[in-house]
Amino acid sequence: MYQDPTRWGITLQTYVQLTMLDHHVSPTMSQIKMMERSIYSAKYIFVENLFRSGKMPEVDFAVLTEWFNWIVQKIDIPLDLIVYLQTSPQTCYERLKKRCREEEKVIPLEYLEAIHQLYEDWLIKNTSFAVPAPVLVIPADHDLQKMLNQYEENREKILSTNHI
């Protein structure tokens, strides 16, 4: 997808939308369900970025948008809290290089900057799309130990079932 986003963007994002929807509506044994991303971030961040960057044709964007709108209007997608690990694009880029995953080697810093801006506009500035749940912002440019400490400080907020 990163090597030829115009060709593979619709394929990947359709699959992401399907799998995210499945994760959202699948029953769990616990009262708490944590997901790395959601159907909302898939649409508002990744699909939006592909379209704005000119790497997704307008017709593909329109189809994904229609599907997304139908899903959120017709299917109950419970979402209690968004935990935004607010990280600078530079830190993300350094972590990406450190992971050394073959498929991520082609991701430029500019891509991460665009994704970051979309998250900031959505979750912090509230200037792009409706936010479907309360947002807990945790600064995440820190080392692992500090991140673990921040998680412990916010554990009750994150694991609570009473966010509203």
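The values are calculated or read from the model by the stated rules, or taken from the named source; none is laboratory data. Remember, predicted model here, so these are calculated numbers, not experimental data. Cβ sites come from the backbone with ideal geometry, for glycine too, and all protein chains shown count toward neighbours. Side chains included, ligands, DNA and RNA excluded: accessible areas come from the protein's heavy atoms. Shrake-Rupley method; radii C 1.70, N 1.55, O 1.52, S 1.80 Å.
Per-residue answers, yes or no, for (1) open to solvent by 40 Å² or more (accessible area, probe 1.4 Å); (2) touching a helix residue (DSSP H, G or I) at 6+ places or on another chain (Cβ under 6 Å); (3) at pLDDT 90 or above; (4) in the same structural domain as Ala133 (by the TED database):
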{"residue": "Ala42", "(1), (2), (3), (4)": "no, yes, yes, no"}
{"residue": "Ile45", "(1), (2), (3), (4)": "no, yes, yes, no"}
{"residue": "Lys55", "(1), (2), (3), (4)": "yes, yes, yes, no"}
{"residue": "Val72", "(1), (2), (3), (4)": "yes, no, yes, no"}
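Checking each residue in segment 114-164 for being of a type in the set (A, V, I, L, M, F, W, C) and in a loop (DSSP other than H, G, I, E, B) picks out Phe129, Ala130, Val131, Ala133, Ala140, Ile164.
With the structure loaded, tell me whether Val63 is in contact with a Leu (Cβ under 6 Å, 6 or more places away or on another chain), farther than 16 Å from Phe129 by Cα and open to solvent by 20 Å² or more (accessible area, probe 1.4 Å) or whether it fails that test. Taking the combined requirement at face value, the residue does not satisfy it. Does Val106 qualify as being modelled with pLDDT under 95 and loosely packed, with under 15 Cβ neighbours inside 10 Å? Answer is yes for this residue. Scanning segment 113-163 for residues that are among the charged types (D, E, K, R) and either over 15 Å from the mean Cα position of the chain (by Cα) or open to solvent by less than 80 Å² (accessible area, probe 1.4 Å) (or both) turns up Glu120, Asp121, Lys125, Asp141, Asp143, Lys146, Glu152, Glu153, Arg155, Glu156, Lys157.
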